[in-house]
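Written out below as structure tokens is the structure these notes cover.
Read-outs throughout are calculated quantities, based only on the coordinates presented, and are distinct from any laboratory measurement. Bear in mind that the values here come from a model prediction, so they are computed numbers and not experimental data. With ideal geometry, Cβ positions are generated from the backbone for all residues, glycine too; neighbour counts draw on all protein chains shown.
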């Protein structure tokens, strides 16, 4: 009887900590997003946000997340297919490849802001070496997005690749051999063997990275400031500059809703397959 | 044979290009920190190789800016986050390893949910709580908040480490008359040493790099990432490069040390359930 409760006793500090520092503040943010100094349970914060460009922030966040995930998964598939093979210098390459995982986002932001600087930038200096004209890396919405996506992918592709690699290691080489004997080329083997067997790992990487992409914060703040606006930078802007902190609660709640909806979607899709 | 030689060449081309992409942003950081400004920041087209090497940039930055305060604060916070990860994480992981599978899965899901709740959603309500609890702008306060980022992963890592210890060893200890706490801390923890150390280092590293909680909860007593961000936005590029260097060196070393544990299986740990 008593033995049964002992594991819970061990878990208690963690559960209490998580309840107090994570669940309670989250609930309180959602609750306060429906409050104003003068009224309770109203939508006026959300209406205000719509006026200040909430739809734009949502679209930008979704677009950036989708683009960054596409880049990261594409590169990660290539790199993990390399890492699954044996070759000379593999350990050196692996060590090198995971370095960005440890580099702070602000440092990545620092380097890329100097690489993509419009005047005196390293990317433009490279272009010049190849005889190409300099580019304004922030000339349009699309360029802004691309610049942020590339910078973000530099830091975050390693973790995707490591997770995919773990999945690939779990696939028996026999299956590949059999498929190759049956005449399936590399592309068909990738589509018919690698992808289906990796589903669980892809879902995990997608949730981990997708959630972080929605939360992308320091990088856009350093590279483009508050425009184009994202849900996180919008939340922070309202928190740090306006008199009404309630707007930031509303923006935060929208962000939370998207993160939870996305995770549920991925988990559901994984279950349905 | 010819075919495999060709794919070997392709393999090394991919490895070369990926390595270049990984190194380049760090190389830019190195150039800005160590070459004379006339080749880097003051040049319209900065040199792609060091035009000369100098320590002037760093010395000016260290003289003009208070590095010691933020660096010490970052170190203290990181050690505290690592320590709390073990203090709360070890019993939690042990508890989980003792629970029936279904209950363990429920709690794992709960911890996973913690990782999905956006930091900015939590940080804003917490800042109000912290002000009244005198934890705002303090190291312990920041560490308690950053622990949220780290704890779920720590518990999974430790759980993996405990699970790999043969059950018999534990029963043997109990039969020999060791109490439960003694068994956990004097027998299991030493056996799971590698997992415990890597958990601590990973927690340390994640705190060292953390931005969102730090910028919202400790703006007046900033940690290194915040100082870098502030200096970038103020246009003090040389100072930021010096700070970025300090921030990056320890994590690059630690990423190398931790490489054995930076595996997809661990990073995705627990989410397989």
For chain A, what does the relative contact order come out to in percent, with C-alpha contacts under 8 Å and a separation of six or more?
28
Paramagnetic reach from residue A:264 (point 7 Å along Cα→Cβ, amide N under 19 Å) across the range A:185-204:
A:204
Using only Cα atoms and rounding to the nearest 10 degrees, what angle (0 to 90) does helix B:237-258 make with the longest principal axis of chain B?
40
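According to the square roots a ≥ b ≥ c of the eigenvalues of the Cα gyration tensor, what is the shape class of chain B, taking rounded for a/c under 1.5, prolate for a/b larger than b/c otherwise, and oblate for the remainder?
Oblate, since a/c reaches 1.5 and b/c is not below a/b.
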Most exposed first, judged by fewest Cβ atoms within 10 angstrom, A:213, A:3, B:76 run A:3, B:76, A:213
Rg (Å, one decimal) plus Dmax (Å, integer) for the alpha carbons of the range B:2-54?
16.5, 51
Calculated FRET efficiency for the pair residue B:197/residue A:5, C-beta based, R₀ 35 Å, to 0.05
0.70
What is the fewest-to-most order of B:258, A:164, A:62 by other Cβ atoms lying within 10 Å of their Cβ?
A:62, B:258, A:164
For the protein assembly as shown, alpha-carbon Rg relative to the globular expectation (2.2 N^0.38 Å, N residues):
1.01
For B:205, A:143, ascending order of other Cβ atoms within 10 Å (fewest first) is A:143, B:205
Remind me, relative contact order of the range B:159-244 in percent, using alpha carbon pairs under 8 angstrom and six or more residues apart?
19
Can you give the angle from 0 to 90° between the axis of helix B:139-163 and the longest principal axis of chain B, with both taken from C-alpha atoms, to the nearest 10?
60
Report, in degrees rounded to the nearest 10, the 0 to 90 angle that the Cα long axis of helix B:2-34 makes with the longest principal axis of chain B.
70
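Quick one: if the Förster radius is 45 Å, what FRET efficiency do residue B:20 and residue B:163 give, using the C-beta to C-beta distance and rounding to 0.05?
Details: r = 40 Å, r/R0 = 0.88.
Between residue B:20 and residue B:163 the formula returns 0.70.
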FRET efficiency for residue A:119 and residue B:252 from the Cβ-Cβ distance with R0 = 41 Å, rounded to 0.05, comes out at 0.85
The range B:2-54: relative contact order from alpha carbon pairs under 8 Å, six or more residues apart, as a whole percent, is 26
